[in-house]
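Novice: Structure incoming, see below.
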Amino acid sequence: MKKSVVFVFAISLLFLTGCGKDNVADNNSGLEIDVPAADTFDGNGEVKEVEITAKNWEFDPGVITVNKGDKVRLRVKSLDVAHGISIPDFGVNLKVNPGEEATAEFVADKTGEFDFRCNVYCGEGHGEMTGTLIVN
């Protein structure tokens, strides 16, 4: 009995999501279903892993350079108090507690210079805790 219920559920789920198609829209009902691809990394670039240390109102490094198409993996550590990192252009919004590490990943799918900043109030120098992501 349990196997048949699971099978019916799985078939129903496939039907509702358009059998795994990306960005399926059912125009008859007005219902839009956004199904992300299994792996959003397109494989054209490299995986760039960047270790960032957040401390005393600065990021180290303060400038990060990658290439368009790279999958970027940020590993952020805080040495003193809670900090965070926000890169709105790539949907990054991370918080890291002192002595811990947090990770964010995104695909650098557009070129330019993008600001990042601490998104957790960390003291009097918080407003100056910024950096730049350069995507060539």
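Novice: Which one is modelled with the lowest pLDDT among residues in the range 32-86 that are surrounded by fewer than 17 Cβ atoms within 10 Å (Cβ to Cβ), among the charged types (D, E, K, R) and not in a strand (DSSP E or B)?
Specialist: Residue satisfying both the conditions and the ranking: D34.
Novice: In the range 107-127, what residues are surrounded by fewer than 18 Cβ atoms within 10 Å (Cβ to Cβ) and either modelled with pLDDT of 95 or more or not assigned by TED's automatic domain parsing to the domain that holds K71 (or both)?
Specialist: The initial filter retains those residues of the range 107-127 that are surrounded by fewer than 18 Cβ atoms within 10 Å (Cβ to Cβ), namely 107, 109-113, 115, 117, 121, 123-127.
Hits for the range 107-127 are V107, D109, K110, T111, G112, E113, D115, R117.
Novice: Can you name every residue in the range 56-75 that is more than 17 Å from F106 (Cβ to Cβ) and free of Cβ contacts under 8 Å to residues at least 40 places away in the same chain?
Specialist: Scanning the range 56-75 gives a single hit, D60.
Novice: Please work out if F116 is in contact (Cβ under 8 Å) with a residue 24 or more places away in the chain and touching a helix residue (DSSP H, G or I) at 6+ places or on another chain (Cβ under 7 Å). Quick ask: steps written out before the conclusion?
Specialist: On the way: in contact (Cβ under 8 Å) with a residue 24 or more places away in the chain: yes; touching a helix residue (DSSP H, G or I) at 6+ places or on another chain (Cβ under 7 Å): no.
Against the criterion (in contact (Cβ under 8 Å) with a residue 24 or more places away in the chain and touching a helix residue (DSSP H, G or I) at 6+ places or on another chain (Cβ under 7 Å)), F116 does not qualify.
Novice: Can you name the strands (runs of 3 or more DSSP E) wholly within the range 96-136 that have at least 1 residues being among the small types (G, A, S) and touching a Phe, Trp or Tyr at 6+ places or on another chain (Cβ under 7 Å)? Full working, then the answer.
Specialist: Values: elements: 101-107, 112-117, 130-135.
Those strands (runs of 3 or more DSSP E) span 130-135.
The values are calculated or read from the model by the stated rules, or taken from the named source; none is laboratory data. Because the structure is predicted, anything quoted here is derived from the model rather than measured. We place every Cβ from the backbone using ideal geometry, glycine too, and count neighbours over all the protein chains shown.
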